1. Report the residue count in segment B:40-77 for those that are more than 18 Å from the chain's Cα centre (by Cα) and farther than 27 Å from residue B:123 by Cα.
2. For segment A:160-172, enumerate the residues that are touching a strand residue (DSSP E or B) at 6+ places or on another chain (Cβ under 8 Å) and within 7 Å of another protein chain (Cβ to nearest Cβ).
3. Spot the failing condition for residue B:157; the list is (1) in a helix (DSSP H, G or I); (2) within 14 Å of chain A (Cβ to nearest Cβ); (3) out of contact with any helix residue (DSSP H, G or I) (no Cβ under 6 Å at 6 or more places or on another chain), and only one is missed.
4. Kindly evaluate residue B:151 against the criterion of being over 26 Å from residue A:99 (Cβ atoms) and not assigned by TED's automatic domain parsing to the domain that holds residue B:270.
5. Checking residue A:57 against (1) part of a loop (DSSP other than H, G, I, E, B); (2) out of contact with any helix residue (DSSP H, G or I) (no Cβ under 9 Å at 6 or more places or on another chain), which test does it fail?
6. Checking residue B:182 against (1) touching a helix residue (DSSP H, G or I) at 6+ places or on another chain (Cβ under 8 Å); (2) part of a helix (DSSP H, G or I); (3) outside the structural domain of residue B:62 (by TED's automatic domain parsing), which single condition isn't satisfied?
7. What are the residue pairs meeting all of these: first residue in segment A:178-202, first residue on the phi > 0 side of the Ramachandran plot, second residue assigned to a loop (DSSP other than H, G, I, E, B), Cβ atoms under 8 Å, and 6 or more apart or on different chains?
8. Scan segment A:234-243 for residues that are farther than 27 Å from residue A:110 by Cβ and surrounded by fewer than 20 Cβ atoms within 10 Å (Cβ to Cβ) and report the count.
């Protein structure tokens with residue numbers, strides 16, 4: 001495994017691999033790797049000849065009052081985890097390698113997918129994500145790119161970008177990895193105090209409850225689902241709800257009532273704060289006749 | 001030479017060429033090919049193993065009151081011109097092939113380069129250009145792409161996009177081709193009445209005069225240059241000036257005075273209407289010590 005810091009060097013090395021007929025799998029991350037990332041890397045390893053992991057905490061996707069500066073970093077541990085997962089190249093650029101001049105060209109994604117959920121409390125976030133992923137795709141030119149479904153809205157934004165701009169890459173969404181009690185794995189979990197950590201289990205519990213209820217009915221109103229989520233999360237005294245929503249997936253449209261037998265997919269999504277730490281989680285319900293995408 | 005109408009087919013054919021080690025040169029156009037396009041295709045022919053010409057009148061870059069519907073089209077003649085210039089593939093997609101669904105992801109370019117000159121009278125135009133060129137680059141994945149300098153601002157926008165988004169393509173700007181009397185070749189010249197056509201020569205004359213004057217001085221104010229342009233164009237009774245400007249190149253910054261010996265490049269640019277037909281032209285002055293880009 002090699003650590004590469006410049007775009008030119010990575011292009012050179014990947015060009016050589018491609019010249020040997022290699023397919024390239026790509027896992028873009030912000031580092032501080034956990035089991036979720038490991039499962040992406042392992043899947044990429046089984047499906048491609050060459051695997052590239054990028055570690056780049058992208059300032060463009062953080063708001064002015066967000067945690068860019070205190071976002072957790074641990075290069076040494078990340079390198080060990082990547083090596084163990086069978087990564088060939090870690091791309092670890094500096095901010096000035098990625099943004100040598102003020103950014104004037106961006107990728108922007110409009111529509112429901114970027115006006116709901118995380119877009120509300122994190123204005124500009126998804127344009128920052130789309131722009132950096134577009135840059136990384138142009139640098140790595142992967143055949144396949146792997147993303148975790150904990151960030152389901154991010155996956156939808158990136159799919160929209162890839163489809164609309166005809167990017168020649170297959171987006172592979174991968175299931176959320178969880179702790180034993182159900183908490184979705186996240187680099188930000190490290191911020192939680194022991195008390196907060198214990199109470200954070202309410203996110204996955206609330207989602208499981210909402211899922212079970214929705215699938216047991218022939219129809220369910222979104223307001224019922226929201227009440228159920230809010231009531232369960234309220235059992236955790238340290239939890240403050242940012243949003244608790246249910247929308248169509250992958251369209252992120254608001255609906256009044258969900259009918260499982262119609263086959264429309266539904267995303268039930270949560271963002272909950274514990275102190276300064278904001279956790280997200282979601283579950284996607286397929287209905288009885290999964291919508292063919 | 002082959003005419004290809006779908007993205008999938010073009011990707012397949014170019015993949016095969018690339019598999020043989022071919023480099024790919026790309027000339028994106030809106031068709032109604034003239035000598036300007038021919039020179040781009042011929043240059044692409046000498047510098048690449050495979051040459052792709054695209055012909056696509058892109059609705060996204062036309063404003064609601066612009067000439068999308070009446071933009072001139074002549075498929076038969078275009079095919080003959082392309083064949084003669086040695087093109088391998090003409091990519092000629094339908095609007096629904098390029099835009100199968102409402103466009104939600106776009107490339108936007110901000111800064112001086114998209115707020116001056118053509119950006120003022122054509123709001124949204126350059127985002128439409130950047131978005132379609134981004135799509136075409138993702139489809140064709142060229143090594144080199146060729147653009148005419150008559151559209152100098154377009155070239156600057158595309159360079160900004162390629163640089164900021166790390167697109168792996170070399171942009172090759174090519175000199176403006178001209179009629180014998182100096183009129184810049186353009187698909188829109190066909191709209192001109194014989195009287196308008198005769199008077200349209202004032203654009204290139206005014207630019208030549210301004211250039212000669214600027215290079216003969218040790219310093220020249222932009223307002224002097226503008227007066228010179230306006231005065232000369234006013235000798236054509238049918239001409240209505242949209243803009244007559246001089247800005248730094250490629251930054252498109254406003255300055256008060258230009259000093260040739262400082263080596264900053266200057267673009268002197270015109271947009272002039274004859275009836276409903278809007279013509280543009282420009283000249284770029286290098287100064288005595290051309291700025292190294």
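The values are calculated or read from the model by the stated rules, or taken from the named source; none is laboratory data. Here the structure is a predicted model, which is why all the values come from computation and not from measurement. Cβ placement follows ideal geometry from the backbone for every residue including glycine, while neighbour counts extend to all protein chains displayed.
1. At the first step, the residues of segment B:40-77 found to be more than 18 Å from the chain's Cα centre (by Cα) are B:45-51, B:64-65, B:69-70, B:74-77.
Okay, now just the ones that are also farther than 27 Å from residue B:123 by Cα, so B:45-51, B:74-77.
So the answer is 11.
2. Taking segment A:160-172 as the starting set, the residues that turn out to be touching a strand residue (DSSP E or B) at 6+ places or on another chain (Cβ under 8 Å) are A:160-165, A:169-172.
Correct list: A:160, A:161, A:164, A:165.
3. So residue B:157 meets the others, but not (3).
4. Numbers: over 26 Å from residue A:99 (Cβ atoms): yes; not assigned by TED's automatic domain parsing to the domain that holds residue B:270: yes.
Yes: the conditions hold for residue B:151.
5. Looking at each condition in turn, residue A:57 falls short on (2).
6. The failed condition is (2).
7. A:182/A:201
8. Looking only at segment A:234-243, we keep the residues that are farther than 27 Å from residue A:110 by Cβ, and these are A:234-240.
Restricting the remaining residues to those that are surrounded by fewer than 20 Cβ atoms within 10 Å (Cβ to Cβ) gives A:234-235, A:237-238, A:240.
Selection size over segment A:234-243: 5.
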